[in-house]
Amino acid sequence: MEESQLFDRSALQAVVTAAAEEFDGEILLLVRDGSKMRLGASESAGLNARVILSQCLRSLNQLEEQTPDTATRAFVRVVSEELKNDQVMLLIVRGQRDIRLTPGAGARGKVRDMLNDALQAVGGERRRL
């Protein structure tokens, strides 16, 4: 697999660690890096990534209607700046059903495609719901 020269995996993992501490939950962080989808995950979210992504796709309309709190929006903005990429999406999972989705500025309008690409990357099937 060809690595993007601009993408820093250690920075992605540092951001995921910070998010897990800040939001006290399972974290999935999706980043579109050119034609590739990068996925950063806390340990438990990484183990459950396929289930979490599938659940997000099934309830995408409801998730997109959520209004992220100020702290979460600010966190996504800082992550976008740190990773030098505005196509960032943060998924925070608490419990089995409580998922919050916060897209970065460049991810708006591309959420379904990003979720599908991430699901395909972890071995799931693309879903067009």
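Can you give the charge dipole size of segment 1-124 about its Cα centre, rounded to the nearest 20 debye, using +1 on the beta carbon of Lys and Arg and -1 on the beta carbon of Asp and Glu?
Roughly 380 debye for segment 1-124.
In nm, give the distance between the simple-model label positions of Thr70 and Asp33, each being 7 Å from the Cα along the Cα-to-Cβ direction.
3.3
So what's the convex hull volume per residue for the Cα atoms of segment 10-104, in Å³?
Each residue corresponds to 95 Å³ of Cα convex hull volume.
When only C-alpha pairs under 8 Å and at least 6 residues apart count, what is the relative contact order of segment 10-119, in percent?
Contact order relative to length: 30 percent.
Please work out how much length the chain gains when fully extended from Ala18 to Asn61, using 0.36 nm per residue of separation minus the C-alpha to C-alpha distance, in nm with one decimal.
12.7 nm
Give the residue list of trypsin sites (Lys or Arg not before Pro) in segment 79-111 that are DSSP loop and have at most 10 other beta-carbon atoms within 10 angstrom.
Lys84, Arg97
How big is the accessible area of Val78 in square angstrom, nearest 10, if you roll a 1.4 angstrom probe over the protein chains?
About 90 Å², rounded to the nearest 10.
Share of the chain's accessible area from carbon and sulfur, percent, 1.4 Å?
That fraction is 46 percent.
State, to one decimal in nm, how far the label point of Arg77 lies from the label point of Val51, with both points 7 Å from Cα in the Cβ direction.
Distance between label points: 3.5 nm.
The values are calculated or read from the model by the stated rules, or taken from the named source; none is laboratory data. Just so we're clear, the structure is a prediction, and the values are computed from it rather than from any experiment. All Cβ positions, glycine included, derive from the backbone under ideal geometry; neighbour counts span all protein chains shown. Keep in mind that these areas ignore ligands, DNA and RNA; they rest on the heavy atoms of the full protein, side chains included. Shrake-Rupley method; radii C 1.70, N 1.55, O 1.52, S 1.80 Å.
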